[in-house]
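Heads up, the thing below is written out as structure tokens.
What follows draws every value from the coordinates through simple rules; no lab data is involved. Please read all numbers here as calculations on a predicted model, not as lab measurements. Counting neighbours? That spans all protein chains shown, and the Cβs are built from the backbone with ideal geometry, glycine included.
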Amino acid sequence: MILLFIAGAFGVNAQNIQTHYDMGKDRGYLTTTVEMFKPDKLGNTFFFIDFDYGVGDQEGVSLSYFEIARCFKLGKKTPFSFHVEYNGGFTKAFTINDAWLGGIDYSWNNSNFTKGFSLKALYKNIRKHDDAGFQLTGVWYIHFLDGKMTFNGFMDFWKDKGNFNGKYVFLTEPQIWYNASKHFAFGGEVELSNNFVANEFKVMPTLGVKWTF
């Protein structure tokens, strides 16, 4: 599972750790995710780290994946930023090729940060592959029922000339959370993907808990 989540607002610090039980077909394993989002005068920094545990007959950590992204504001009052990103990882069976991305980000939030979204158009270069690709990304969040519920997630669409042999890949992971307190939430997500690892459309739900620092 690859997760991208802004944790509820683009204008405040947000750090959290999540644990998901993956209920997808032939899955049945745990994933932990650590995320951080931090704004500053020049823009913001976001990263997350995923660990899968006990995939198949493998014991312990069977996948590790890392993404880090930086946005630099293009002016004080503009919603546009310059976005740069790195991602990569490995499993016990293979390495996920490093990728470097760069492009333009457009972000919008309402006045009290109860909802917002970000759209990104990115150039993508994957290690060991001369031909560059592209990636389109959307990220959103909505708080409702006086902040008791959060609906958030991301969508990625890209042409992958590295890991998936030149295929067009679609991946989205909408999440729903019940915020039991300021720090603790429970809920889950549904990963919907096409040509992501498997050459087919897949639906993979999870149950999860989250602690926000």
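Below are the figures for this structure:
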read-out: Top positive-direction residue, dipole computed over the chain with Cβ charges, set T33, V209, F46; value: F46
read-out: Residue among D50, D40, D98 with the largest mean-square fluctuation in a Gaussian network model of the chain, springs linking Cα atoms under 10 Å; value: D40
read-out: Top positive-direction residue, dipole computed over the chain with Cβ charges, set Y168, L192, T114; value: T114
read-out: Residues of type lysines that K167 reaches as a straight line, Cα spacing below 30 Å, ignoring anything fewer than 8 places off in the same chain; value: K25, K92, K120, K124, K128, K159, K202
read-out: Whole-number percent relative contact order across region 14-212, with pairs defined as alpha carbons under 8 Å at least 6 apart; value: 15 percent
read-out: The chain: most fluctuating residue of F47, F201, F154 per GNM, C-alpha cutoff 10 Å; value: F201
read-out: Among G43, G89, G56, residue whose mean-square fluctuation peaks in a GNM of the chain (springs only between Cα atoms under 10 Å); value: G56
read-out: Cα-centre dipole for the chain with unit charges at Cβ (Lys and Arg positive, Asp and Glu negative), debye to 20; value: 780 debye
